[in-house]
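The values are calculated or read from the model by the stated rules, or taken from the named source; none is laboratory data. What you are looking at is a predicted structure, and each value in this text was computed from that prediction instead of being measured. Cβ atoms come from the backbone with ideal geometry, glycine included; neighbour counts cover every protein chain shown. Remember, those area values only see protein heavy atoms, side chains included, never the ligands or the DNA or RNA. Shrake-Rupley method; radii C 1.70, N 1.55, O 1.52, S 1.80 Å.
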Amino acid sequence: MSIELKQEWDLPSVRRPIVIFGAGSIVRDAHLPAWKAGGYTVAGITDPDFAKAQALASEHGTQALTVDQALAVENAVYDLATPPAAHASILKTLPEGAPCLIQKPMGSDLTGASEVLDICEARGLQAAMNFQLRFAPMAVALKDAIDRGLLGRVVDIEMHGVLATPWGLWEFLEGLPRIEITMHSIHYLDLIRHLLGDPAGIHAKTIGHPSHKVAQTRTAAILDYGADIRCVLSVNHDWDYGRPHQACEMRIAGTEGAAYMKLGVNLDYPKGEPDILQIHTGGQWHDIPLRGSWFTESFTARMHNLQRAAAGEDTLIAPVADGWRTMALVEAAYASSAAPMTPIEKRP
């Protein structure tokens, strides 16, 4: 028995040029390859470090732009591959009504996310969050399987990660008070919301590690979806003992079936390993041949959806209003982590 599931996003009838704000590693490793694969023209790259923008642009057959030049590109889609603290100031300068893609997180905290949402609404921006895990072939297929009832009613989701993440690739993270949930596990929380909707609450603990100064690199969390659904997340970025016992995987169980998903990119970032999706129905496991991976096909699909929405051909997935809900869940996780734990009674 073979199971055919949706994996790709439909192409837009017209591809608008893309202007990129930011010239960091995520642009080099994911955005530029994804836009090229999707058949998009990158009109240029702008960055406060103009020499950095020039070097990256020359490597990829485009040009470095000043901010004024970037804003003057006609009919552009703006790709904000920038740190969260920079989003608001850039969004204020974009042409009213412009389509734009905003790199997660939406803000450094929920207050910052609220400012971003207010700006986007006031300027009528067609703004989407780059929660691209929703658009990974394995995640699109998983959502299709769930929507088609192949798993029955979902009753269990478990996200498990034991990784060795090269945090040094992202220099802007140095000194930030919030790291692991805001910058990494936010993807898993957003995907879980995409599959199950909003939880009633969250219990969480996120901590660092004595071997380095990154604010948090280890997180455990329980999402409250009521009496019938168990939803847990356990992520450790300090498991630097070699590949055999590293993992990055999500298990989803329903009343009629189950699914297993391996997120390969995190096991050797940014090179990664192949993603895996397996579906259990009818008493056996089925391998789902994937037509691409989280990096970089999900970025391409994310852009396809935004460009189609800008042309009136599609509903915008993960707009900023929905992104704010993911940020609210992130904020609740940090609040839970900072709150006192339930004490254990001691015998008098």
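Residues Leu117, Leu125: which one is touching a Pro at 6+ places or on another chain (Cβ under 8 Å) and modelled with pLDDT of 95 or more? Spell out how you get there, then give the answer.
Numbers: Leu117 fails: touching a Pro at 6+ places or on another chain (Cβ under 8 Å).
Only one candidate passes the filter, namely Leu125.
Considering the conditions (1) of a type in the set (S, T, N, Q); (2) open to solvent by 60 Å² or more (accessible area, probe 1.4 Å); (3) assigned to a loop (DSSP other than H, G, I, E, B); (4) in contact with a Gly (Cβ under 8 Å, 6 or more places away or on another chain), Gln69 is excluded by exactly one of them, (3). Here Leu290, Leu277 are screened, and the one residue that is touching a residue at least 60 places away in the same chain (Cβ under 8 Å), within 18 Å of Ile3 (Cα to Cα) and open to solvent by 30 Å² or more (accessible area, probe 1.4 Å) is Leu290. Scoring Gln63 on the criteria (1) farther than 21 Å from Asn305 by Cα; (2) open to solvent by 10 Å² or more (accessible area, probe 1.4 Å); (3) out of contact with any helix residue (DSSP H, G or I) (no Cβ under 8 Å at 6 or more places or on another chain) leaves a single failure, condition (3).
Conditions (1) open to solvent by 20 Å² or more (accessible area, probe 1.4 Å); (2) of a type in the set (A, V, I, L, M, F, W, C); (3) farther than 25 Å from Pro177 by Cα; (4) not in a loop (DSSP other than H, G, I, E, B), marked per residue:
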site	(1), (2), (3), (4)
Val73	yes, yes, yes, no
Asp79	no, no, yes, yes
Ile90	yes, yes, no, yes
Gly97	yes, no, yes, no
Met106	no, yes, no, no
Thr111	yes, no, no, yes
Asp118	yes, no, no, yes
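A single member of Ala318, Ala338 is modelled with pLDDT of 95 or more and at negative phi, and it is Ala338. Identify the residue in the stretch 120-132 that is in a loop (DSSP other than H, G, I, E, B) and out of contact with any strand residue (DSSP E or B) (no Cβ under 7 Å at 6 or more places or on another chain) and, among all such residues, is surrounded by the most Cβ atoms within 10 Å (Cβ to Cβ). In this case the residue turns out to be Phe131.
Any residue in the stretch 154-174 that is open to solvent by 60 Å² or more (accessible area, probe 1.4 Å) and of a type in the set (A, V, I, L, M)? There is at least one residue in the stretch 154-174 that is open to solvent by 60 Å² or more (accessible area, probe 1.4 Å) and of a type in the set (A, V, I, L, M). Residues in the stretch 133-151 that are touching a helix residue (DSSP H, G or I) at 6+ places or on another chain (Cβ under 9 Å) and open to solvent by less than 30 Å² (accessible area, probe 1.4 Å): 11 in all.
I need the full set of residues from the stretch 152-192 which are of a type in the set (A, V, I, L, M), more than 18 Å from Val330 (Cα to Cα) and part of a strand (DSSP E or B), in order please. Residues satisfying the conditions are Val154, Val155, Val162, Ala164.
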